[in-house]
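Just below is one structure, and these are the notes that go with it.
The values are calculated or read from the model by the stated rules, or taken from the named source; none is laboratory data. What you see is a predicted model, and the numbers here were worked out from it, not measured in a lab. Cβ coordinates were reconstructed from backbone atoms using ideal geometry, including for glycine residues, and neighbour counts include every protein chain displayed.
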Amino acid sequence: MELILLFVSLGIILICAELFTNGIEVFGEKFSLSQAVVGSILAAVGTALPETIIPLVAIFLYKGESGAHIGVGAILGAPFMLSTMGLFLIGLGVFISYFLKKRKKLEIHLEPQIFIKDFSFFILSYSLAIFLPLIFPNTRLLHYFIAVLLLLNYILYLFFTFKAESSEVESSKELYFLKLLNPLKFNTDNKFVSVFLSVFQVIFALFVMIKGAHLFVENLEILAKTWGIDPLLFSLILAPVATELPEKSNSLLWSLREKDILALGNMTGAMVFQSTFPVSIGLLFTSWEIKGLALISALIALSLSIVYLIFLKIFKKLPPHLLILSGLAYLIYIYFVIKTFS
């Protein structure tokens, strides 16, 4: 039964990802927004907010050392999953669409400056949050300073993203919720109606997608226990994959349709957001002691981002083959986790 529910929940997530990407594209098109804004801000923050709630709940409601540990783990888990499995799935989507003859060349279509900016902001923010507290431990005043700096950094990121030159979003499909109104002979040409329905569709898809992800995690946990997988291993390896499913599903769909700027922007934009606002909460309200597996996950995320940034700066492109590094990095992390608990 759990296995059936697992596939049902996965189906719900994929259907809602289709609704979300369709809604966000139509919204961006109606307001003539750039792909950078839609991918790196609207889609990225929209899908990042739900898992951002997890560390907030852990820190503020489950007070004490255990709540803080769960919160910090969730905060650090998001950038790690986005930079490993998230980017790997974009590369996979490019390969699949190429072999299905949906794209002529095996390459990722990018506007390099957008992602040079995204990776640069992520590396700067995350490095400040990880390395400064390691160099100057137990300095609360420093934590407050870094937290404020990170929030200012994200505001600056928003400014540069809105100012950046980028092509406008073009929706290849009519809004699905508008199609439902066609048989009713409702005035679907009205811009206000289109915008309202696109926002409603995005919120509806996000809400149901989160419910689907929770159902996925619950049944995955039951199966993990049934198969004798250690609960802690489950929380470190399998659960983070599920909680980041909305971003991954959206980006995979976009990469399959050759909308690579939106696909990659969804990931890199979420990385910038997750390395600023949630990290600031961790710095302000926990002891923020990063060590062991948490430190390894942060170093992996930063190392991958530095490699991709250097490649973008030199070659002005990001080959899909290179994103295999992200998948390999996730496997390396699994090795460290299993070795630690074996």
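Side notes on the structure shown:
- Summed over the range 38-59, the residues that are under 26 Å from Val193 (Cα atoms) and over 15 Å from the mean Cα position of the chain (by Cα) give a count of 0.
- Complete set of residues in the range 15-36 that are buried (at least 16 other Cβ atoms within 10 Å of the Cβ), aliphatic (A, V, I, L, M) and assigned to a helix (DSSP H, G or I): Ala17, Leu19, Ile24, Val26, Ala36
- Flag if Leu302 is crowded, with 19+ Cβ neighbours inside 10 Å and either within 24 Å of Leu158 (Cα to Cα) or among the β-branched types (Val, Ile, Thr) (or both): yes
- Options Ile306, Ile296, Ile300; residue that is of a type outside the set (S, T, N, Q), without any contact (Cβ under 8 Å) to a residue 60 or more places away in the chain and assigned to a helix (DSSP H, G or I): Ile296
- Leading residue by the ranking (surrounded by the most Cβ atoms within 10 Å (Cβ to Cβ)) among those in the range 326-340 that are more than 13 Å from Met81 (Cα to Cα) and in contact with a helix residue (DSSP H, G or I) (Cβ under 6 Å, 6 or more places away or on another chain): Val337
- Subset of the range 129-147 that is of a type in the set (A, V, I, L, M, F, W, C), free of Cβ contacts under 8 Å to residues at least 24 places away in the same chain and in a helix (DSSP H, G or I) - its residue that is nearest to Thr276 (Cα to Cα): Phe145
- Candidates are the residues of the range 73-128 that are outside any helix (DSSP H, G or I) and not hydrophobic (A, V, I, L, M, F, W, C); the one that is nearest to Ser34 (Cα to Cα) is Glu111.
- Counted residues, the range 313-342 - those being aromatic (Phe, Trp, Tyr), in contact (Cβ under 8 Å) with a residue 60 or more places away in the chain and out of contact with any Leu (no Cβ under 9 Å at 6 or more places or on another chain): 1
- Contacts under 6 angstrom Cβ, first residue in the range 245-264 being closer than 27 Å to Phe7 by Cβ and of a type in the set (S, T, N, Q), partner part of a helix (DSSP H, G or I) and at pLDDT below 90, 6 or more apart: Ser249/Ile13; Ser249/Leu14; Ser249/Ala17; Asn250/Ala17; Asn250/Phe20; Asn250/Thr21
- Any pair with Cβ under 7 angstrom, 6 or more apart, that starts in the range 2-28 at a residue that is in contact (Cβ under 8 Å) with a residue 40 or more places away in the chain and closer than 25 Å to Val199 by Cβ and ends at one that is outside any helix (DSSP H, G or I) and of a type outside the set (A, V, I, L, M): Asn22/Lys173; Glu25/Ser171; Val26/Ser171
- Among residues of the range 77-88 that are more than 13 Å from Val272 (Cα to Cα), those with a Cβ under 6 angstrom from a residue that is among the aromatic types (Phe, Trp, Tyr), sequence gap 6+ or separate chain, pair up as Thr84/Tyr330; Met85/Tyr330.
- All helices (runs of 4 or more DSSP H) inside the range 154-250 with 3 or more residues being modelled with pLDDT of 70 or more and out of contact with any helix residue (DSSP H, G or I) (no Cβ under 7 Å at 6 or more places or on another chain): 176-181, 191-226
- Positions within the range 97-118 being surrounded by 15 or more Cβ atoms within 10 Å (Cβ to Cβ) and of a type in the set (A, V, I, L, M, F, W, C), in sequence order: Ile108, Leu110, Ile114, Phe115, Ile116
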